[in-house]
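Structure first, commentary second.
Every read-out reported here was derived from the displayed coordinates using simple, explicitly stated rules and does not represent laboratory data. None of these values were measured; they are calculated from a predicted model. Cβ placement follows ideal geometry from the backbone for every residue including glycine, while neighbour counts extend to all protein chains displayed.
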Amino acid sequence: MTIGKYRPMTTGQYRAMKRSRTGVTLIEVLIAVSLVSLLSVGILMALRVGMSAMEKANRRLMDNRRAVGARRIIEEQLAGFMPVIAVFSASSEDAGTKIPFFEGR
């Protein structure tokens, strides 16, 4: 019995259609796995480049911090110096010569 112009499928036709669907699904799964693996490799490479850049920036930052710390110490040392002029004489009759020097705390 047919309804309209459509005929019901036979069991053989149904099995053949089901078999063809599973093959396409397997190919789709393989393609999906391949795409996910390529995507994960791309993310891994991006993370590697990012970590390398962060390490380089941290190294440069530490070098700058050391330089700023050394500069601050030198500035503190120089701020404590006071210019003094002393009179030096080799003998008691000599008028002496004035010698400038710095005296610190």
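Quick one: if you take sqrt(5λ) for each eigenvalue of the C-alpha gyration tensor of the chain, what semi-axes come out, biggest first, whole angstrom?
Ellipsoid half-lengths, sorted descending, are 97, 11, 6 Å.
For the stretch 59-103, which semi-axes, largest first and in whole Å, follow from the square roots of 5 times the eigenvalues of its Cα gyration tensor? Display every interim value, and only then the final one.
Numbers: eigenvalues 361, 15, 5 Å².
Working from the Cα gyration tensor, I get semi-axes of 42, 9, 5 Å.
Once every DSSP H run of n ≥ 4 in the chain is given -39500 (n - 2.57) and the sum is divided by its residues, what mean residue ellipticity at 222 nm do you get, rounded to the nearest 500 deg cm²/dmol?
On the way: 1 runs with 69 residues, N = 105.
-25000 deg cm²/dmol, from helical runs alone.
Quick check for you: which residues of the stretch 63-85 have the amide N under 15 Å from the point 7 Å beyond the Cα of Ile99 toward its beta carbon?
84-85
As I understand it, the dipole of the chain uses +1 on the Cβ of Lys and Arg and -1 on the Cβ of Asp and Glu, about the Cα centre. Which of Leu39, Ile73, Thr11 lies farthest toward its positive end?
My answer, from the dipole projection, is Thr11.
Calculate how steeply helix 11-79 sits against the longest principal axis of the alpha-carbon atoms of the chain, using the helix alpha-carbon long axis, and give the answer as 0 to 90 degrees to the nearest 10.
0 degrees
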